[in-house]
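Below is one structure, written out as structure tokens, with a few remarks after it.
The values are calculated or read from the model by the stated rules, or taken from the named source; none is laboratory data. Fair warning: this is a prediction, and the values are worked out from it, not measured in the lab. Positions of Cβ are backbone-derived with ideal geometry, glycine not excepted, and every protein chain shown enters the neighbour counts.
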Amino acid sequence: MSHVITEKCVGERYATCQGVCPVEAIHAADYNNEPFMIIDPETCIDCGVCLTECPIGAIVSSVDEDPKWAQINKDLVAKYKGSPKPPVRSPNDPPKKAVNKLVNVK
Ligand code: SF4
């Protein structure tokens, strides 16, 4: 099992999660030419530290919570593992997507 980055991250990519992961399981990716982050399910140790770091709640704690995006994370690992670290957006930076504005920003 693994934590999973969901559709909410597409087009947002705060990247606040990447720096807290103790095993470097989180990588920058693109999805449909939009910025995204993925979690490598083979590396993730399910520590949960990243969960609260995402200001828009884009991470879920199990594959069962979002099997579709779990598969997308997994499928993108081969292409994006070890990709350059992206700039980190401030958690106070308002979300770009309207749907994410419904979530309280830290
Ligand atoms: S749950 Fe822990 S190991 Fe897995 S991606 Fe998040 S911070 Fe990294």
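Tally time: how many residues in the stretch 6-49 are in a strand (DSSP E or B) and of a type in the set (Phe, Trp, Tyr)?
Residues flagged as in a strand (DSSP E or B) and of a type in the set (Phe, Trp, Tyr) within the stretch 6-49 amount to 2.
Do any residues in the stretch 74-95 that are surrounded by 12 or more Cβ atoms within 10 Å (Cβ to Cβ) have Cβ atoms under 6 Å from those of residues that are at pLDDT below 95 and part of a loop (DSSP other than H, G, I, E, B), where the two are at least six apart or on different chains, and which pairs are they?
Listed by first residue and then by second, the contacts come to Pro91/Lys106.
Does Asp40 fit the bill of being among the acidic types (Asp, Glu), at pLDDT 95 or above and in contact with a His (Cβ under 8 Å, 6 or more places away or on another chain)?
yes
Regarding Val88, is this residue part of a loop (DSSP other than H, G, I, E, B) and touching a Ser or Thr at 6+ places or on another chain (Cβ under 8 Å)?
Here the answer is yes, as Val88 does meet what is asked.
Quick check on the stretch 31-66: of everything there that is surrounded by fewer than 17 Cβ atoms within 10 Å (Cβ to Cβ) and under 18 Å from Asn100 (Cβ atoms), which residue is farthest from the ligand (Cβ to nearest atom)?
Here the residue is Asn32.
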